[in-house]
Every structure is written in C-alpha cells, then in structure tokens.
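A.B. asks: Submitted below is the structure of interest, expressed as structure tokens.
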Amino acid sequence: QQQVKQSPQSLIVQKGGISIINCAYENTAFDYFPWYQQFPGKGPALLIAIRPDVSEKKEGRFTISFNKSAKQFSLHIMDSQPGDSATYFCAAQPGNTPLVFGKGTRLSVIA
Amino acid sequence: DGGITQSPKYLFRKEGQNVTLSCEQNLNHDAMYWYRQDPGQGLRLIYYSQIVNDFQKGDIAEGYSVSREKKESFPLTVTSAQKNPTAFYLCASSKSGGRGEQFFGPGTRLTVL
C-alpha cells in the first residue's frame, strides 16, 4: 500500500519530442505528489509537484497530469532537450510522514 | 548560501570498520532524512528525524545508526553489521512537520573494500 510504481525504467526520446513518465499508487492517504530530477553524481532536486485538488500543473516545459480516480499521475516533458537527460523520480506523501519514492526513470534525449 | 552539506563526497573503508557520514543543513529545517541509492532501486529510506533528540527507523535501518543532537546535524553511522554498505548515500531535509518539499544534499559515495 505504501508503494509507488513508476514506469518505464528507461526512456529514449528524440530532441524536440515529448517524454512521458507514469506513476501509480494504491494508498488514498497520499496527498502530495512531487517529481524530482537527478543528474549523475548529484542529489535529486524538486522539479514540480501537485496536490490532489487539481488535475494538472504546468511549469514551463514540464507538466504533471493527475488522475485521482485512477490513482495515477504522470510527468510530461515537452520539447525534450539533451540537457533534460537525467533520472526522474516520482514520489508521494501521506500526511507528514516521509516521501515514498518510485524506482526512477532514466531519460536519454538524443539529437 | 542556504543548503545541505554532506562530507566527504567519496569515502573508502575496509570491510568490518564502522564509518560515519556527515550531514549539516543551514535551512532551519526541523526534519532530516537519510536515503540509500543503489542502481535501479530508487531512494530507500534509512532513518528520519522530525525533531531534535528523536528519530525513526525507515525501510532499511538494519546495520545503520543515527543521532540528532543538534537541529543542523544528522550524522549516519554505517556499522560493520550492514552486509552490503557500498552505495550512494543522500541526506535530505524539510520544513516543520516533514510536509512538502525535501531538499537533498550532494551525496556521499561509500565504497567498502
């Protein structure tokens, strides 16, 4: 019940294309859903986050889509660039307990 | 500059030795966390602390110990009881109550020879 399932494990996208990463959860107590971006050898950094009272949040080229009834949320990266090549983690938080992370998606954007 | 400092960036130890990883934050955050990262395994929670002098076990606490004597500091000791300690260790912190954004440090890569 505490798991967050993330897919795909790895993703290759052409420059200018759309990258889509999906996450699913079971615990209906989750009420905060962030996405983190991590470059090799560095710590993760918050990219964008959403709460379940909205279905979509957009920040620049990054969009979270949230489907409460399906218990799924996804990250869309529009106009993907080589500099977006990184590992992306979804996470979820039930109340004020620690974040539960997905296993990560390694994104490679090729020219 | 506000942030989280982890030292050292790379650490080598012989098998059977205890080793302590440092984590300091100047963000005035109440909550602090330790994660272990292995390839393909995501971020696994080792220990967390939501207030000074109190901490809780995470999902993989066996073979690790922590202390939280000061708000700014949350050191992690990897003991000889940890069977496979070679990994990338990440420290994080968040505001009061542990709600919302966690800020991560740069990590320490521990290699046990």
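A.B. asks: What's the number of the condition B:Thr77 fails, among (1) surrounded by fewer than 17 Cβ atoms within 10 Å (Cβ to Cβ); (2) in a loop (DSSP other than H, G, I, E, B)?
C.D. replies: If we test B:Thr77 against (1) surrounded by fewer than 17 Cβ atoms within 10 Å (Cβ to Cβ); (2) in a loop (DSSP other than H, G, I, E, B), just (2) comes out false.
A.B. asks: Ok, one more. Do the conditions hold for B:Gln82, that is, is it part of a strand (DSSP E or B) and open to solvent by 20 Å² or more (accessible area, probe 1.4 Å)?
C.D. replies: It is false that B:Gln82 is part of a strand (DSSP E or B) and open to solvent by 20 Å² or more (accessible area, probe 1.4 Å).
Each row is one residue, and each column tells you yes or no for (1) over 18 Å from B:Leu90 (Cβ atoms); (2) within 14 Å of another protein chain (Cβ to nearest Cβ); (3) of a type outside the set (Ser, Thr, Tyr).
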{"residue": "A:Ala24", "(1), (2), (3)": "yes, no, yes"}
{"residue": "A:Gln38", "(1), (2), (3)": "no, yes, yes"}
{"residue": "A:Ala49", "(1), (2), (3)": "yes, yes, yes"}
{"residue": "A:Asp53", "(1), (2), (3)": "yes, no, yes"}
{"residue": "A:Lys68", "(1), (2), (3)": "yes, no, yes"}
{"residue": "A:Tyr88", "(1), (2), (3)": "no, yes, no"}
{"residue": "A:Pro94", "(1), (2), (3)": "yes, yes, yes"}
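A.B. asks: Filter segment B:32-64 for residues that are in contact with a Pro (Cβ under 7 Å, 6 or more places away or on another chain) and within 22 Å of A:Gly41 (Cβ to Cβ) and give the result.
C.D. replies: Scanning segment B:32-64 gives B:Tyr33, B:Leu45.
A.B. asks: Go through segment A:9-64 and give me each residue that's in a strand (DSSP E or B) and open to solvent by 60 Å² or more (accessible area, probe 1.4 Å).
C.D. replies: Scanning segment A:9-64 gives A:Ser10, A:Ile12, A:Gln14, A:Ile20, A:Asn22, A:Glu56, A:Lys57, A:Lys58, A:Glu59.
A.B. asks: Going through segment A:72-111 one residue at a time, which ones are on the phi > 0 side of the Ramachandran plot and surrounded by fewer than 16 Cβ atoms within 10 Å (Cβ to Cβ)?
C.D. replies: A:Asp79, A:Gly95
A.B. asks: Now, a different point. Within segment B:22-54, count every residue that is in a strand (DSSP E or B) and within 13 Å of chain A (Cβ to nearest Cβ).
C.D. replies: Counting residues in segment B:22-54 that are in a strand (DSSP E or B) and within 13 Å of chain A (Cβ to nearest Cβ) gives 20.
A.B. asks: Can we say B:Lys57 is within 14 Å of another protein chain (Cβ to nearest Cβ) and open to solvent by 10 Å² or more (accessible area, probe 1.4 Å)?
C.D. replies: So B:Lys57 fits the description; yes.
A.B. asks: When segment B:86-110 is examined, which residues are found to be open to solvent by 20 Å² or more (accessible area, probe 1.4 Å), over 15 Å from A:Leu46 (Cα atoms) and either within 14 Å of another protein chain (Cβ to nearest Cβ) or of a type outside the set (Val, Ile, Thr) (or both)?
C.D. replies: Scanning segment B:86-110 gives B:Ser96, B:Gly97, B:Arg109.
A.B. asks: Moving on to the next point. Return the residues of segment A:65-80 that are within 17 Å of A:Tyr36 (Cα to Cα) and assigned to a loop (DSSP other than H, G, I, E, B); say none if nothing qualifies.
C.D. replies: Result: A:Met78, A:Ser80.
The values are calculated or read from the model by the stated rules, or taken from the named source; none is laboratory data. These figures come from a predicted structure and were not determined experimentally. Reconstructed Cβ throughout: ideal geometry from the backbone, glycine too, with neighbour counts over all protein chains shown. Keep in mind that these areas ignore ligands, DNA and RNA; they rest on the heavy atoms of the full protein, side chains included. Shrake-Rupley method; radii C 1.70, N 1.55, O 1.52, S 1.80 Å.
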